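> My questions all concern the structure below.
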Amino acid sequence: MTGAARTASTGAARTVAVLAALTLTAPLDLMIVAGARVFGRRTPPAPSSPQVARTVLVNGGKMTKSLQLARSFHAAGHRVVLVESAKYRWTAHRFSRAVDAFHVVPEASDPGYVDALVRVARAENVDVFVPVSSPASSVPDAEAGVAMGPSVDVVHADPETIRRVDDKNRFADAAREFGVRVPQSHRITDPEQIADIDLPPGTSFVLKRIAYNPVGRMDLTPLRRETPEANLTFARSLGIAEDDPWILQEFVTGREYCTHGTVRNGSLQVYGCCESSAFQINYAMVDKPDILAWVERFVAELGATGQFSFDFIENGDGEVFAIECNPRTHSAITMFHDHPDVAAAYLGSERAVITPLPSARPTYWLYHEVWRLLTEPGRPARLRTIARGRDAVLTGWDPWPWFLLHHLHVPSLLLANLRSGRGWSRIDFNIGKLVEQGGD
């Protein structure tokens, strides 16, 4: 048996094992759903003030953040239309009580994607489009927003603004222009450029692909002034090219944070900040005034409408550096699970910024927590995390998406992967997908 065949066989065996495990946990999960129905919240949080009912189109239906927004809009009396691609047609979220209609559209890379979104918007008489974009769909979603015309309120930036801030190098240039702090960086279109850049002594740099890189994004191999040959060898291994540029960015050591911001005409409306990590599946609000000030300054200077998420590092001196901007909804929006005014902040005119309520319990995904409990050290701390927080999907008034996530949504992806023989490295219950080489 060849190495490739052995790898495929091992991957298939693992997939079958996971499917069997999910089947075995189904009865227990039904008991959890029953408990949530009996002891959990029976109604969604009511808005502080009445709102005129509108029809809201939300895409990215496989992701928990889409479900959270759908629930927030539903709680405020709005009608929600959810959209996803055929690959994720069995998303558990389509069965939510908060979703009034569900449509399948092509992948964002398909030439017909924009037209399909426009057709859905017209068929459903959509008043508001709130994209919950993937990295691949951010620009197409912006183009769809433009194509929907002035009758649809679009909570997303225009295509050029999306391209500007989603490009790590152009974002850094914009931040410097706006007078806010970012690490040193250089745009790299040829690995040989590495030899010509004078790296400051005592610092480390990392190479990041400007295009989305779901697998390699966690590779933070350090490049230093003292290791020029190793730097060049590593750069040559990455496939850097004029049409596939990378950014050489100073590696700032310190504590990582991430933020979600919903913005209208440069005014921050919804804001959440939490500690971050490479694979982020825990969200708890933290108060970092310098980060809030940075975000407010940047979005005010940008002057756009949309959702803008930022990654930060706070160094040992307490200085905060923005590492990158993702002009998309952040999963930190799950911290607003009990906030009554999310819909008003998204859909109304500029108003005072809202943050997660002091009573909001931190969010997690139970299957991730149980896996870490079984396989990682620090079990008492993990148990405290589970006890003090709440599953981001499970709620008493709308429990079935949680059950179907584990027993329809993810199994459908595993079965498709098994048929294709593609293989996968991780199940992400938050985003609702398998992390696959070359995946979305």
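> Counting alpha carbon pairs within less than 8 Å and at least 6 residues apart, what relative contact order, in whole percent, applies to the chain?
Averaging sequence separation for qualifying contacts and normalising by length gives 20 percent for the chain.
> Enumerate the amide H contacts of residue 390 below 5 Å, restricted to partners 5 or more residues apart or on another chain; note that Pro and chain-start residues carry no placed amide H.
The answer is 363, 364.
> How much accessible area does residue 208 have with a 1.4 Å probe, in Å² rounded to the nearest 10?
Accessible surface of residue 208 is approximately 40 Å².
> For residue 97, what charge total do you get from the other residues with a beta carbon under 15 Å from its beta carbon, if Lys and Arg give +1 and Asp and Glu give -1?
+4
> What helices in the chain pass both tests, a Cα length along the helix axis of 30 Å or more and a mean Kyte hydropathy of -1.0 or higher, using whole DSSP H runs?
3-39
> Return the carbon/sulfur percentage of the accessible area of segment 372-418, one whole number, probe 1.4 Å, all protein chains in place.
The nonpolar share, carbon plus sulfur, comes to 64 percent.
> Taking K and R as +1 and D and E as -1, what net charge do the other residues with C-beta under 13 Å from the C-beta of residue 266 add up to?
Its environment carries a net charge of -1.
> Within the set of other residues whose C-beta is less than 11 Å from the C-beta of residue 355, count the net charge using Lys and Arg as +1 and Asp and Glu as -1.
So the surrounding residues net to -2.
> Using Cα pairs under 8 angstrom and six or more residues apart, how large is the relative contact order of segment 279-423, in percent?
Dividing the mean separation by the residue count of segment 279-423 yields 19 percent.
> What does the helix-only formula give at 222 nm for the chain: each DSSP H stretch with n ≥ 4 adding -39500 (n - 2.57), the total divided by the residues, and the result rounded to the nearest 500 deg cm²/dmol?
-11000 deg cm²/dmol
> Return the single residue from 428, 158, 290 with maximal mean-square fluctuation; model: Gaussian network over the chain, springs between Cα atoms under 10 Å.
290
> For the chain, with the dipole built from +1 on Lys and Arg beta-carbon atoms and -1 on Asp and Glu ones, taken about the Cα centre, which of 135, 90, 20 lies farthest toward the positive end?
It is 20, whose Cα lies furthest towards the positive end.
> Are any of the pairs 62/288; 65/168; 65/87; 65/208 more than 27 Å apart by Cα-Cα distance, and if so, which?
Too far apart for the 27 Å limit: 62/288.
> Give me P(r) over segment 169-323, computed from all C-alpha to C-alpha distances, binned every 10 Å, as integer percentages.
Binned Cα distances yield the sequence 10, 36, 35, 16, 2.
> What is the Cα centroid distance between segment 321-381 and segment 175-249, reported in whole angstrom?
If we compute the Cα centre of each part, the gap is 30 Å.
> In addition: Mind jotting down the distance between the C-alpha centroids of segment 270-320 and segment 145-166, whole Å?
When both Cα centres are located, 22 Å separates them.
> Same structure, new question: How far apart, in nanometres, would the label points at residue 419 and residue 351 be if each is projected 7 angstrom from Cα along the Cα-to-Cβ direction?
Roughly 4.6 nm, to one decimal.
> Continuing with this model, one more query. If I model a spin label at residue 101 and residue 220 as a point 7 Å from the Cα along the Cα→Cβ vector, what separation in nanometres do I get?
If labels sit at residue 101 and residue 220, their model points lie 4.5 nm apart.
> For the chain, what number results from the quotient of the Cα radius of gyration and 2.2 N^0.38 Å?
0.99
> Taking Cα centroids, how far is segment 385-416 from segment 32-102 in Å?
Spelled out, the Cα-based centre of one part sits 14 Å from the other.
> On the full set of protein chains, 1.4 Å probe, figure out the accessible area of residue 314 and give it in Å² to the nearest 10.
Using a 1.4 Å probe on the heavy atoms, I get roughly 40 Å².
The values are calculated or read from the model by the stated rules, or taken from the named source; none is laboratory data. Since the model is a prediction, treat every value here as computed from it, not as a measurement. Backbone-built Cβ (ideal geometry, glycine too); neighbour counts: all protein chains shown. These accessible areas exclude ligands, DNA and RNA; they are computed on the full protein's heavy atoms, side chains included. Shrake-Rupley method; radii C 1.70, N 1.55, O 1.52, S 1.80 Å.
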